[in-house]
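The structure appears right after this line, and notes come after that.
The values are calculated or read from the model by the stated rules, or taken from the named source; none is laboratory data. Everything quoted here is computed from the prediction, not taken from an experiment. Cβ: placed from backbone, ideal geometry, glycine included. Neighbour counts: every protein chain shown.
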Amino acid sequence: MSTAFISAQRLSRRFPQASGAGELTVFEDVCFSVAEGEFACLVGHSGCGKSTILNILAGLDQPTAGHVIAAGKHIEGPSLDRAVIFQGHALMPWLSALGNVELAVSSRHPSWARRRVREHAMKFLALVHLDGSAMKKPAQLSGGMKQRVGIARALAIEPRMLLMDEPFCALDALTRGALQDEIVAIHKATKPTAFMITHDIDEALLLADKILLMTNGPRAWIAEVIENTLPANRTRIELHKHPNYYPLRNHLMDFLVARSRELAAHPEMRCKDLHPAVVRPAVATSTSQAAAAVAPQQPGQASNGQIASGHICAV
């Protein structure tokens, strides 16, 4: 088993009620781990605390209880070893695309000469195919191009951990697909440990090595960890043709539509040792099995024998 690069233990986050009467527990006893170089996606309904968990990983927020260890150290604040790609591009409007990336590089390497900073920044703009638009300011760029600058800026500091908070949610389908392909290629080339929040099941199946499923909030927790058994070299075009695609997708959809609500209503169903169940789907071995998996599932029903019925309460 790979050593955990990120280890979250019994995280809880509570906020004061607007009325002043007590506190609201958004999530509690959240446990998960991510191995070095692994790509994890966190999936759940709005209001379960996904972005708050990412902010805790980034060091931008502190848990009410519990702790996170990354690279052997407790996360207690922001670090240049952790880069964040936000939902919005968050670019400095008065700087060019190149200037935005140079700002990040200079923060990471304050002793570098200006020429070296520029060369390094251009390298990462070229990685996201924006070297021809380096001198344009954000107002001159499309939404997808702005997000590419944000990706280049995050990667230019060469972080050990890449955190993404639904970075493509505001983009059209074609642009979103193109940027998903970019992330696949970049992760394969640079191998940062990646943690991404998404509502898109197909995006999670394309990008992730493991998918963390959260129950509905409040008092949400991570109920399952799905190991992605699709081939590592999968592409958007070929994804749906793999025999295990629909069994996986059906299981994720069943969780989001029914089981996440059911688990939230019955917290006693939580695993006693607080660790999420690891689900290791088996690969469909025949065309008939793959075709059968396309059929819609009843809530709580296994995906035609393709999803392992035995859950292990460990990460």
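The strands (runs of 3 or more DSSP E) found wholly in the stretch 1-48 and carrying at least 2 residues that are β-branched (Val, Ile, Thr) and modelled with pLDDT of 90 or more occupy 23-35.
Condition check ((1) in a helix (DSSP H, G or I); (2) among the basic types (Lys, Arg)) across all residues:
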site: HIS67; (1), (2): no, no
site: GLY88; (1), (2): no, no
site: ALA104; (1), (2): yes, no
site: ARG118; (1), (2): yes, yes
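Within the stretch 53-65, identify whether any single residue is charged (D, E, K, R) and either over 20 Å from the mean Cα position of the chain (by Cα) or at pLDDT below 90 (or both), and answer yes or no. No - not one qualifying residue is present in the stretch 53-65. If you go through the stretch 241-256 and keep only what is surrounded by fewer than 20 Cβ atoms within 10 Å (Cβ to Cβ), assigned to a loop (DSSP other than H, G, I, E, B) and touching a Leu at 6+ places or on another chain (Cβ under 9 Å), you end up with just HIS242.
When the residues of the stretch 140-190 are filtered to those that are among the β-branched types (Val, Ile, Thr) and assigned to a helix (DSSP H, G or I), which remaining residue is nearest to ILE56 (Cα to Cα)?
Here the residue is ILE151.
Scanning the stretch 177-190 for residues that are over 19 Å from VAL84 (Cβ atoms) and of a type in the set (D, E, K, R), we see that the one that is surrounded by the most Cβ atoms within 10 Å (Cβ to Cβ) is ASP181.
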